[in-house]
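Derivation of every value follows stated rules applied to the coordinates shown; laboratory data play no part. Everything numeric in this text was worked out from a predicted model, so none of it was measured. Methodologically, a virtual Cβ is constructed for each residue, glycine included, from the backbone with ideal geometry; neighbour enumeration extends over all protein chains shown.
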Amino acid sequence: MTVRDAINQGMDEELERDEKVFLLGEEVAQYDGAYKVSRGLWKKYGDKRIIDTPISEMGFAGIAVGAAMAGLRPICEFMTFNFSMQAIDQVINSAAKTYYMSAGLQSVPIVFRGPNGASAGVAAQHSQCFAAWYGHCPGLKVVSPWNAEDAKGLIKSAIRDNNPVVMLENELMYGVAFEFPPEAQSKDFLIPIGKAKIERQGTHITVVAHSRPVGHCLEAATVLSKEGIECEVINLRTIRPMDVETIEASVMKTNHLVTVEGGWPQFGVGAEICARIMEGPAFNFLDAPAVRVTGADVPMPYAKILEDNSVPQVKDIIFAIKKTLNI
């Protein structure tokens, strides 16, 4: 099943299960979604539940937050998370802080979702990763699925959660098909927010990633296993709250750590993982400094060759792993 269909199925099941759930955003209804993620939902649920909005992120994100405060459960789709900058005041100041500021009296059960990070050939204004931005903010939960199982389980958990959840999808993953385990077909299939998944067991080095780079890490691990290097690959799934325990346990076993992300290096997800490991019990188990593999510290270039060199590739991950292991 493709990631696109998995998100669609997850939203469909939750719309069916709870009539308080509705979807709004640009092109989500009659056009079936800019990336066809909401395909068929408007025909099934009609104008009241699947709502096309004007091109005003601040406006419709504000409407969605207000609806959540009033007891509905909106799914607010941004055509890309780059456009969520137009609405960041609604996401942070209105959605994320209200439960705390109301001393727990007013919850805001809302999901902000859409594609995040680098796509292909869309240059600087449409290629940014917001995992670190939203992961920085208390009051939000931030999830970042990689495969179809992640996507379905996390969208369903996000919709059922009583807190604002930011779901960072990846445009380049939408059309990618994955094995879909039988348990994921169930309407009760949920992936708990805040739990990482070990995608591949290994003994020599821990490699932590989220979203699309998880696939790159698994490719790198396959190449390196032929050279006798066994990588343990961890799919974060959730950026906030981060599952540090799983990473620590792995680092205590492998004694080495590499983090991989598509975003910028400064104050990024990898920087946070490295800091947490340094502050915690796993630090004494490290046999070498942790190494980060990140996007280049530049606005995304438009030229294809420059773009390829700005995004972490499998060869970059292999290089970092060998450097860490001193091979």
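The table that follows gives values for the structure above.
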{"read-out": "Farthest positive-ward along the range 3-185 dipole, Cα basis, beta-carbon charges - from V122, I159, L105", "value": "L105"}
{"read-out": "DSSP-defined antiparallel bridges as percent of all bridges, the range 197-325, nearest 5", "value": "20 percent"}
{"read-out": "Tensor-based shape of the range 3-185 (alpha-carbon gyration tensor, a/c under 1.5 rounded, otherwise prolate or oblate)", "value": "rounded"}
{"read-out": "At R0 = 22 Å, FRET efficiency that the Cβ-Cβ distance of N309 and F267 yields, to 0.05", "value": "0.50"}
{"read-out": "Cα point-scatterer Debye curve for the range 285-327, base-10 log of I(q)/I(0) at q = 0.15, 0.16, 0.17, 0.27 Å⁻¹", "value": "-0.45, -0.50, -0.55, -0.92"}
{"read-out": "Stretch gain in nm, segment R17-K97, where the contour uses 0.36 nm per residue and the Cα spacing is subtracted", "value": "26.0 nm"}
{"read-out": "Cα gyration tensor shape of the range 55-137, rounded if a/c is under 1.5, else prolate or oblate by comparing a/b with b/c", "value": "prolate"}
{"read-out": "R0 of 25 Å, Cβ-Cβ distance V122-K48: FRET efficiency to nearest 0.05", "value": "0.15"}
{"read-out": "Length-normalised contact order for the range 197-325 - Cα pairs under 8 Å, 6+ apart - percent", "value": "28 percent"}
{"read-out": "Inter-part distance where the range 234-263 and the range 1-78 are each reduced to a Cα centre, Å", "value": "32 Å"}
{"read-out": "Over 19 Å (Cα to Cα) - which of K20/K48; K152/K253; K36/K197 fall in this group", "value": "K152/K253; K36/K197"}
{"read-out": "Share, in percent, of DSSP beta bridges within the chain that are antiparallel, nearest 5", "value": "15 percent"}
{"read-out": "Net length gained if the chain between K253 and H136 were fully extended (0.36 nm per residue, minus Cα distance)", "value": "39.3 nm"}
{"read-out": "Segments 232-243, 46-57, 175-186 sorted - mean Cβ within 10 Å per residue, highest first", "value": "232-243, 46-57, 175-186"}
{"read-out": "Relative contact order for the chain, counting Cα pairs under 8 Å that sit 6 or more residues apart, in percent", "value": "15 percent"}
{"read-out": "Over the range 1-101, volume per residue of the alpha carbon convex hull, in Å³", "value": "103 Å³"}
{"read-out": "Cα gyration tensor shape for the range 133-174, rounded if a/c is under 1.5, else prolate or oblate", "value": "oblate"}
{"read-out": "Debye, to nearest 20: dipole size of the range 197-325, +1 on Lys, Arg Cβ, -1 on Asp, Glu Cβ", "value": "160 debye"}
{"read-out": "In nm, spacing of pseudo-spin labels at I198 and M85 (7 Å Cα→C-beta vector)", "value": "4.0 nm"}
{"read-out": "Cα Rg, Dmax, the chain, angstrom units", "value": "19.5, 60"}
{"read-out": "Whole-number D in µm² s⁻¹ for the range 197-325, Kirkwood Cα-pair radius fed into Stokes-Einstein, 20 °C, 1.002 mPa s", "value": "148 µm²/s"}
{"read-out": "Potential lengthening between A177 and E245 on full extension [0.36 nm per residue; Cα-Cα distance subtracted]", "value": "21.5 nm"}
